[in-house]
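Trainee: What follows is a structure written as C-alpha cells; I'll ask about it next.
The values are calculated or read from the model by the stated rules, or taken from the named source; none is laboratory data. In this text, all values refer to a predicted model and were calculated from it rather than measured experimentally. All Cβ positions, even for glycine, are placed from backbone atoms using ideal geometry, and neighbour counts span all protein chains on display.
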Amino acid sequence: MFTTEFGGPVDPRNLLRVIEVAAKVAGVAGVGVHTLRHSAAVDWLEAGVHIKAVADLLGHSSIAITGDVYGHTSDDTARAAVDGLAGRLGL
C-alpha cells in the first residue's frame, strides 16, 4: 500500500506514472507495480524473511501461493543452501 503525504491511498494511475517515468530514466522497459511487488517478495525470501511473513505482507491466503509464485531461488541462494548443509555435515 502506497500512501500520500496525508496518509491516504495513492491513486493507482499516479503510482504507475511515477514508476513508468523512473523506469524510462533508468533505461528499463516493461516495469510496473507488479514488478516492484515481485522484486520485493523475492528479495524478502532471499534475505531469509519467513515465508509466512512474506505471505502476510503480500496479502496471500496461504504460504503455498507465495511459494509457488515467488519461491524460485537464485543460483547464489541455492549455492548458499548447499554450502550450509555441507558445512553442517563436515564436508
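Trainee: Take the residues of segment 43-79 that are surrounded by 14 or more Cβ atoms within 10 Å (Cβ to Cβ) and over 12 Å from the mean Cα position of the chain (by Cα): which is modelled with the lowest pLDDT?
Mentor: That would be Thr77.
Trainee: Which residue pairs have Cβ atoms closer than 7 Å, lie 6 or more positions apart in sequence or on different chains, and pair a first residue in segment 73-87 that is of a type outside the set (Gly, Ala, Ser) with a second residue that is modelled with pLDDT under 90?
Mentor: Every condition considered, the pairs that remain are Thr77/Glu46.
Trainee: Scan segment 25-42 residue by residue and report those that are closer than 26 Å to Tyr70 by Cβ and part of a helix (DSSP H, G or I).
Mentor: Of everything in segment 25-42, those that are closer than 26 Å to Tyr70 by Cβ and part of a helix (DSSP H, G or I) turn out to be Ala26, Val33, His34, Thr35, Leu36, Arg37, His38, Ser39, Ala40, Ala41, Val42.
Trainee: Can you name the number of the only condition in (1) surrounded by 14 or more Cβ atoms within 10 Å (Cβ to Cβ); (2) among the small types (Gly, Ala, Ser); (3) more than 16 Å from the chain's Cα centre (by Cα) that Gly84 fails?
Mentor: Of the numbered conditions (1) surrounded by 14 or more Cβ atoms within 10 Å (Cβ to Cβ); (2) among the small types (Gly, Ala, Ser); (3) more than 16 Å from the chain's Cα centre (by Cα), the odd one out for Gly84 is (1).
Trainee: Still on this structure, please answer the following. More than 23 Å from Pro12 (Cα to Cα), of a type outside the set (Ser, Thr, Tyr) and modelled with pLDDT of 90 or more: does that describe Leu85?
Mentor: Yes; evaluated as a whole, the condition is true for this residue.
Trainee: Could you give every pair whose Cβ atoms fall below 9 Å, whose first residue belongs to segment 8-21 and is within 11 Å of Leu36 (Cβ to Cβ), and whose second residue is in a helix (DSSP H, G or I), counting only separations of at least 6 or pairs across chains?
Mentor: Listed pairs, sorted by first residue: Leu15/Val33; Leu16/Val33; Ile19/Val33; Ile19/Thr35; Ile19/Leu36.
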